[in-house]
Amino acid sequence: MFVLNGYEYFLGFLLICSLVPVLAFVTARLVRPHPEGVERRITYESGMEPIGGAWIQFNIRYYMFALVFVIFDVETVFLYPWAVAFNQLGLLAFVEALIFIAILVVGLVYAWRKGALEWS
Amino acid sequence: MNSGIDLQGSFIQLLVDLGLPVEVARVAWLPLPMLLVLVGATLGVLVTTWLERKISAAAQQRIGPEFAGPLGMLIPIADGLKLLVKEDIIPAKADSLLFTLGPAIVVIPVFLSFLIVPFGQNLLITDLGIGVFLWISLSSIAPIGLLMAGYASNNKYSLLGGLRAAAQSISYEIPLALSVVAIVMMSNSLSTIDIVQQQSGYGILGWNVWRQPIGFLIFWIAALAECERLPFDLPEAEEELVAGYQTEYAGIKFGLFYLGSYVNLVLSSLFVSVLYLGGWNFIIPIESLASWLSISESTPWLQVLTGSLGIIMTLLKAYLLVFLAILLRWTLPRVRIDQLLDLGWKFLLPVSLVNLLLTAALKLTFPFAFGG
């Protein structure tokens with residue numbers, strides 16, 4: 001039934017963990033008060049009437065970090081199998097990983113120089 | 001190697017002896033360790049919140065909670081009950097589905113990561129081959145929940161807080177994952193059991209922290225940032241953003257965020273103790289002590305002693321780190337968002353790459369000391 005050994009535990013635990021928020025919501029619904037009122041559902045803006053919504057086009061800075069993140073996250077994922085098998089691979093694998101990391105470091109330096117890692 | 005106590009085997013054997021088929025006995029065993037770990041994690045959070053209050057009070061020369069139970073120990077339960085009976089406000093302009101899903105998505109992966117935390121030789125839910133990588137991948141799900149919560153609230157503070165939280169946790173995830181790569185390389189395995197076993201045998205001298213001092217510091221800094229602890233608590237910087245992505249949350253949904261962040265702190269501390277501080281190992285190796293006193297390793301009372309000492313050691317190391325995190329909260333000022341991202345990208349990322357290559361080079365030069 002399970003191709004990957006041990007993952008029935010993962011599925012079981014996923015189910016049990018998913019019950020935590022469900023149980024919390026259900027219990028809270030049973031015991032909490034349900035007051036009515038329009039004012040209490042106004043968006044909080046330090047006691048002022050909110051001006052405009054928050055669903056607007058947002059600053060590009062965050063997306064630059066997200067893009068650089070994707071590159072380095074994939075790099076990290078590639079490095080995991082290399083690290084696990086490193087004791088059988090020897091010097092050649094070390095040089096290869098050195099080249100691989102060097103290419104990505106060039107990318108990091110490029111992003112750095114272009115200002116992708118600057119906040120302002 | 002002493003395999004320790006096989007609780008699963010004994011439990012299944014007991015049920016089979018009672019006349020149940022083996023398959024039923026296996027299925028009956030399945031939820032037991034999970035529920036135990038879940039309850040343990042929740043208890044751990046209660047203890048941590050109490051410690052946080054008490055240590056914070058001591059750091060500020062206050063007394064802290066003292067009326068609810070002995071030494072105020074029941075205050076976390078009072079907190080939890082209070083959150084449970086508070087009314088639940090969903091802002092009129094918010095997206096109610098995403099607003100409700102947000103805290104759930106934050107809490108589930110954090111609890112799920114306990115699947116691979118070992119408290120002893122056989123004392124973990126399951127020894128997946130993917131091991132510590134499961135934690136790395138699960139920890140990247142939580143930012144989605146934070147972003148969801150921040151965006152669904154339709155509140156400017158929440159949006160800024162959610163985006164900050166996402167930017168922060170993706171920035172510190174890479175140094176964190178890269179310092180774990182160095183550990184994985186020394187143990188030649190992703191399994192948390194193998195990682196701890198590779199550190200055993202020499203007592204305190206065999207722990208990874210001596211071979212990976214840079215990795216240890218990177219991991220600890222990145223883990224604090226992932227948990228949004230001070231000095232990295234920008235997403236909920238109360239002076240600037242009210243409460244960040246939690247601004248619109250009330251009642252049990254806020255409670256789930258609170259629970260999630262504390263479980264995450266306990267979990268990160270447990271992982272530091274597993275990856276760097278020898279997990280369940282005692283300061284002196286028990287096996288050599290036993291053979292020096294000429295006691296057989298398979299003596300039942302010795303096995304029980306080793307098992308319970310393992311749990312105590314793991315928790316002791318983890319709570320020492322929790323203590324450190326709480327002290328750091330009252331020692332360091334909060335960094336700015338540009339300083340935070342600079343530290344992550346321009347300092348920790350290059351240093352963790354260098355640390356990884358250094359580990360690889362040292363492993364080639366001294367195969368014995370770095371896990372052959």
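The values are calculated or read from the model by the stated rules, or taken from the named source; none is laboratory data. Keep in mind it's a predicted model, so treat the numbers as computed, not measured. Virtual Cβ from ideal backbone geometry, glycine too; neighbours counted across all protein chains shown.
Laid out as a table, the results:
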| item | result |
| --- | --- |
| Matching option when the condition is hydroxyl-bearing (S, T, Y) and surrounded by fewer than 15 Cβ atoms within 10 Å (Cβ to Cβ), among B:S96, B:S113 | B:S96 |
| Residue list for the range A:10-49, restricted to those being at the interface with another protein chain (Cβ under 7 Å from one of its Cβ atoms) and within 30 Å of B:L124 (Cβ to Cβ) | A:F10, A:G12, A:F13, A:L14, A:I16, A:C17, A:S18, A:V20, A:P21, A:A24, A:F25, A:T27 |
| Odd one out for B:A25 among (1) free of Cβ contacts under 8 Å to residues at least 24 places away in the same chain; (2) in a helix (DSSP H, G or I); (3) within 28 Å of the chain's Cα centre (by Cα); (4) surrounded by 15 or more Cβ atoms within 10 Å (Cβ to Cβ) | (3) |
| Cross-chain or 6+ apart pairs with Cβ under 6 Å, the range A:93-109 first and under 13 Å from A:T76 (Cα atoms), then surrounded by 13 or more Cβ atoms within 10 Å (Cβ to Cβ) | A:A97/A:W82; A:I101/B:L353; A:L104/A:E75 |
| Test: residue in the range B:124-143 that is more than 30 Å from B:M313 (Cα to Cα) and either aliphatic (A, V, I, L, M) or touching a residue at least 12 places away in the same chain (Cβ under 8 Å) (or both) | yes |
| Test: residue in the range A:50-68 that is surrounded by fewer than 18 Cβ atoms within 10 Å (Cβ to Cβ), more than 7 Å from chain B (Cβ to nearest Cβ), of a type in the set (V, I, T) and under 19 Å from B:L349 (Cα atoms) | no |
| Residue in the range B:29-41 that is within 17 Å of the chain's Cα centre (by Cα), of a type in the set (G, A, S), assigned to a helix (DSSP H, G or I) and closer than 20 Å to A:F13 by Cβ present | yes |
| Among the residues listed as A:F72, A:F78, the single one being within 18 Å of B:W345 (Cα to Cα), at pLDDT 85 or above and under 24 Å from the mean Cα position of the chain (by Cα) | A:F72 |
| Qualifying positions in the range B:45-76 - surrounded by 16 or more Cβ atoms within 10 Å (Cβ to Cβ), in contact with a Leu (Cβ under 8 Å, 6 or more places away or on another chain) and touching a residue at least 40 places away in the same chain (Cβ under 8 Å) | B:V45, B:T48, B:I55 |
| Helices (runs of 4 or more DSSP H) (entirely within the range A:1-90) containing at least 1 residues that are in contact (Cβ under 8 Å) with a residue 24 or more places away in the chain and of a type outside the set (A, V, I, L, M) | A:61-84 |
| Some residue of the range B:319-338 being in a helix (DSSP H, G or I) and polar (S, T, N, Q) | no |
| Condition met for B:L230 (within 22 Å of B:P367 (Cβ to Cβ), in a loop (DSSP other than H, G, I, E, B) and within 20 Å of the chain's Cα centre (by Cα)) | no |
| Restricting the range B:201-227 to residues that are in a helix (DSSP H, G or I) and among the small types (G, A, S), the residue that is farthest from B:A149 (Cα to Cα) | B:G203 |
